[in-house]
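Colleague: Starting off with a structure, shown below.
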Amino acid sequence: MTIFLLILMAVVLIFLGITLMKQTVFFSLIENNEKNSRFLKTYGLIYLVLGVISALLATVNQMLFILAFIAVMMLVSALFSIQFSKKMR
């Protein structure tokens, strides 16, 4: 069950990373400038890396590493959400 969830998480994170790197959807919500473009590309790359790490953790299957990964992923997700909502104002 844990392996399935990690693989599902990897697919979602990689999809989100690719979507953030393309940036076409998100500029309807925030201003289209160089600073926001770098912001989206940076978080897109971070989500791609987290997706790859999630896929690798599915093969390792160490619960301590998985829990640490989930904590880091939640922290990055919270930071992105907070920063993105500030840019929407």
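Every number in this text was worked out from the coordinates using simple rules, so none of it is lab data. This one's a predicted model, so the numbers in the text were calculated from it and none came from an experiment. Cβ atoms come from the backbone with ideal geometry, glycine included; neighbour counts cover every protein chain shown.
Colleague: Would you pick out the residues in segment 31-51 that are of a type in the set (D, E, K, R) and part of a helix (DSSP H, G or I)?
Modeller: If the condition is that a residue be of a type in the set (D, E, K, R) and part of a helix (DSSP H, G or I), then 34, 35, 38, 41 are the ones that fit.
Colleague: Would you point out which residue out of 65, 80 is part of a helix (DSSP H, G or I), without any contact (Cβ under 8 Å) to a residue 12 or more places away in the chain and not aliphatic (A, V, I, L, M)?
Modeller: 65
Colleague: From the list 70, 46, 3, 18, which residue is of a type in the set (A, V, I, L, M) and crowded, with 17+ Cβ neighbours inside 10 Å?
Modeller: When all the criteria are applied, what remains is 46.
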